[in-house]
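Chemist: One structure is given below, represented as structure tokens, and several questions about it will come after.
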Amino acid sequence: MECPQNLKGVRTINNRTDKIAEIIEASTAQFVAQCYELYELPPLGSLVKTGDIYGIVCHAETAGLEPGRKPIARGKDESSEEAIYQSSPQLLKLLRSEFTAAAVGYKGGDKILRYLPPQPARIHGFVYLCQPDEIKEFGQSFGFLNILINAALPVPTEELIAAALRQMSLAQEDSRAFLVAAGKELANLLSADFIRLKNILGKLS
């Protein structure tokens, strides 16, 4: 039996186009997706897509499948984390990894519209991790920043915005120029909230 991917080394999602998760809950402003593989969660701030809807990962968790039933410690007599899963292979079927994404845009014809979609994502819709070319295209406009600034998020807004911009910058030809432009846009949006702006900019370096 293979151990969860992140127990073999650094937790990453490979650059690929296959689906990574499936929608299990959706609203106009966000969607929740369960990963097909335990611990294969996209990083905070990642751009994902389901159907024509784009989302930015704003929360993730791994927990037991049964609500209210917490996993128990099993590794007292084991030499490694991998050994726990090897001795109790049923754990892979008793645990689930899921993430929440804030809806930040959708595809309308040939254009990416960076505001809330007219309808929620479909339950059981497949979720894909966006590839660099699509991330680069999405990042050509910062219209999604205002959505995140005003969204009710499960994590601090400053942390999510900074994480999203850092992730997007990796797909740009000039990541520094991208972050500088994003900083200027944030300065306009948060002109009346200097402390909040400072906190975000401080996390972009």
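Chemist: So which residues in segment 122-181 are of a type in the set (A, V, I, L, M, F, W, C), assigned to a loop (DSSP other than H, G, I, E, B) and within 28 Å of Gln34 (Cβ to Cβ)?
Modeler: Ile123, Cys130, Ala151, Ala152, Leu153, Val155, Leu170, Ala171, listed by residue number.
Chemist: Would you check if Asp133 is surrounded by fewer than 18 Cβ atoms within 10 Å (Cβ to Cβ) and farther than 19 Å from Val57 by Cα?
Modeler: no
Chemist: Failed condition for Leu170, given (1) aliphatic (A, V, I, L, M); (2) surrounded by fewer than 18 Cβ atoms within 10 Å (Cβ to Cβ); (3) without any contact (Cβ under 8 Å) to a residue 60 or more places away in the chain; (4) more than 15 Å from Leu47 (Cα to Cα), with all others met?
Modeler: Of the numbered conditions (1) aliphatic (A, V, I, L, M); (2) surrounded by fewer than 18 Cβ atoms within 10 Å (Cβ to Cβ); (3) without any contact (Cβ under 8 Å) to a residue 60 or more places away in the chain; (4) more than 15 Å from Leu47 (Cα to Cα), the odd one out for Leu170 is (4).
Chemist: Please specify each residue of segment 78-121 satisfying the condition of being among the aliphatic types (A, V, I, L, M) and in a helix (DSSP H, G or I).
Modeler: Selection gives Ala83, Ile84, Leu91, Leu92, Leu94.
Chemist: Within segment 56-66, is there a residue that is of a type outside the set (Gly, Ala, Ser), part of a loop (DSSP other than H, G, I, E, B), surrounded by 15 or more Cβ atoms within 10 Å (Cβ to Cβ) and at pLDDT 95 or above?
Modeler: Scanning segment 56-66 turns up no residue that is of a type outside the set (Gly, Ala, Ser), part of a loop (DSSP other than H, G, I, E, B), surrounded by 15 or more Cβ atoms within 10 Å (Cβ to Cβ) and at pLDDT 95 or above.
Chemist: Can you confirm whether Gly75 is small (Gly, Ala, Ser), in a loop (DSSP other than H, G, I, E, B) and on the phi > 0 side of the Ramachandran plot?
Modeler: So Gly75 fails the test.
Chemist: Taking the residues in segment 84-108 that are modelled with pLDDT under 90 and in contact with a Gly (Cβ under 8 Å, 6 or more places away or on another chain) as candidates, determine which candidate is surrounded by the fewest Cβ atoms within 10 Å (Cβ to Cβ).
Modeler: Ranking the qualifying residues of segment 84-108, first place goes to Leu94.
Chemist: Sticking with this one: More than 16 Å from Gly55 (Cβ to Cβ), in contact with a helix residue (DSSP H, G or I) (Cβ under 9 Å, 6 or more places away or on another chain) and not aliphatic (A, V, I, L, M) - does that describe any residue in segment 108-115?
Modeler: no
Chemist: Please go through segment 182-205 and pick out each residue that is outside any helix (DSSP H, G or I) and out of contact with any Leu (no Cβ under 6 Å at 6 or more places or on another chain).
Modeler: Residues satisfying the conditions are Ser191, Ala192, Asp193, Lys203, Ser205.
The values are calculated or read from the model by the stated rules, or taken from the named source; none is laboratory data. It should be emphasised that the depicted structure is a prediction, and the values quoted were computed from it without experimental measurement. Note that we place each Cβ from the backbone using ideal geometry, even for glycine, and neighbour counts take in every protein chain shown.
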